[in-house]
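For reference, the structure is listed below as structure tokens.
The values are calculated or read from the model by the stated rules, or taken from the named source; none is laboratory data. Quick caveat, the model's predicted, so the values are computed rather than measured. Cβ atoms come from the backbone with ideal geometry, glycine included; neighbour counts cover every protein chain shown.
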Amino acid sequence: MKKVIGYILSAVGLIGLVASVVPSIGEKIFGSLSPGLADGLGVSLLVISLIVLGVGVVILFISGKSSVSQKKKEVPIYKGKEIVGYRRD
């Protein structure tokens with residue numbers, strides 16, 4: 001579930017970043033709300049988008065790290081007194 005939230009936040013951050021950098025896209029997205037709103041959102045939208053993107057990426061790294069740290073321990077398989085293989089427990 002954390003990965004889904006991370007992907008959603010990252011996507012929203014990227015969309016906001018593109019909308020703040022490319023004026024024509026930002027005007028198409030935010031121009032329908034108010035004509036003056038698209039002009040006033042420039043720097044603040046950029047900062048908010050970068051923060052949301054950063055939080056999304058951090059959530060993705062944290063959720064990916066937890067699955068790697070849960071490695072299964074290898075246990076030897078014996079045939080008599082001899083080890084013939086290993087299994088993950």
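The table for this structure:
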| read-out | value |
| --- | --- |
| Tally, over the range 12-26, of residues that are of a type in the set (A, V, I, L, M, F, W, C) and closer than 10 Å to Ser49 by Cα | 6 |
| Verdict on Ser10 being surrounded by 13 or more Cβ atoms within 10 Å (Cβ to Cβ) and either modelled with pLDDT of 70 or more or farther than 19 Å from Leu60 by Cα (or both) | yes |
| Within the range 53-89, tally of residues that are under 28 Å from Gly6 (Cβ atoms), in a strand (DSSP E or B) and at pLDDT 90 or above | 0 |
